[in-house]
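The values are calculated or read from the model by the stated rules, or taken from the named source; none is laboratory data. Everything quoted here is computed from the prediction, not taken from an experiment. Don't worry about glycine lacking a Cβ; one is built from the backbone with ideal geometry, like all the others, and counts go over all protein chains shown. Ligands, DNA and RNA are excluded from the accessible area calculation, which covers all protein heavy atoms including side chains. Shrake-Rupley method; radii C 1.70, N 1.55, O 1.52, S 1.80 Å.
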Amino acid sequence: MGGKHIKQLPYHLLLTGKIGCGKSTALLSALGDLLKTAGGYRTVRLLNEKGTRRGFAHIVPASPEGVNGIWNPERKDIFLVPGEGMRSEVLLTRTIPMLEGKPRFFLLDEIGGKELLIPEFVHKLEQLFSGDIPCIGVLKSPDGSEGIRRWMREEDFRNAYNRFVGMLSENPGVKITDGSEPGGYREQILQWKKRNGVE
């Protein structure tokens, strides 16, 4: 007498660590053409002609843009401009819809910033991490950048960040890695691919 087949829950992987340590680069390299099958988004730094960072935009995973893009104030996908703050309407009307549907997997590059102050955005992330589609991405850490260190001094953000990371830590299907394991980020990504059949 055969029992019901129980579907294995997805295994989610989040890379964390200091800014510039290669988290997003490792994701792009290890995932390669699989990005064409992904939902979610990538975060691109927008630089002006002098190479100065002017803002951040969310782009589809398979976008030809790398980790850096060209600053153009007319872009509709700019969600953060240093000195001006978060553009909540962009996250609500452009980014959240990128987290819908049934793709092969969701890429979340990055999470853990001021978007955690937007209840609708946090709710969507919670749905993804309790859902049946594997997620992989980058989680900002308090020592990751000057920006997040400054935000952590704000009680509202600090509380939101700690609640969110607490939720992730209590989820047995989520692994957060700082790349210190043998093989670093790349080996963890390859294991994620194998465990989820994303190859």
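Karplus couplings for the stretch 101-117 from phi (6.51 cos²θ - 1.76 cosθ + 1.60, θ = phi - 60°), rounded to Hz, Gly and Pro as x?
x, 10, x, 5, 7, 10, 9, 10, 10, 10, 10, x, x, 5, 5, 5, 8
Where the accessible area of the chain is counted over protein heavy atoms with a 1.4 Å probe, how much of it, in %, is carbon and sulfur? Spell out each step's value before the answer.
Numbers: 5490 of 10650 Å².
That fraction is 51 percent.
Show me the GluC sites (Glu not before Pro) within the stretch 63-98 that DSSP assigns to loop and that have at most 16 other Cβ atoms within 10 Å of their Cβ.
Details: sites: Glu65, Glu74, Glu84, Glu89; in loops: Glu65, Glu74, Glu84.
Those satisfying the criteria are Glu65, Glu74, Glu84.
Would you grab the residues whose amide H sits under 5 Å from the one on Phe79? Only those 5+ places off in sequence or on another chain, please, with H modelled 1.01 Å from N.
Phe56, Ala57, His58
Mind checking the angle between helix 155-170 and the chain's longest principal axis? C-alpha axes, 0 to 90 degrees, to the nearest 10.
20
Let me confirm the definition first: pairs of Lys residues in the chain, 8 or more apart or on different chains, C-alpha distance under 18 Å. How many are there?
Close lysine pairs under the 18 Å cut-off: 20.
Output wanted: per-residue J couplings in Hz (rounded whole) for the stretch 20-31, from phi through Karplus 6.51 cos²θ - 1.76 cosθ + 1.60, θ = phi - 60°, x for Gly and Pro.
Ordered by residue, 3J(HN,Hα) equals x, 8, x, 5, 5, 4, 4, 4, 4, 5, 6, 8 Hz.
Using a basic spin-label model with each label point 7 Å from the Cα along Cα→Cβ, how many nm lie between Met167 and Thr25?
Output for this residue pair reads 3.2 nm.
Take Ile133 and Glu100, extend 7 Å from each Cα along the Cα→Cβ direction, and tell me the distance between the two endpoints in nm.
Taking the simple label geometry, Ile133 and Glu100 are separated by 1.1 nm.
Roughly what angle does helix 119-129 make with the longest principal axis of the chain, taking Cα atoms, 0 to 90 degrees, to the nearest 10?
30
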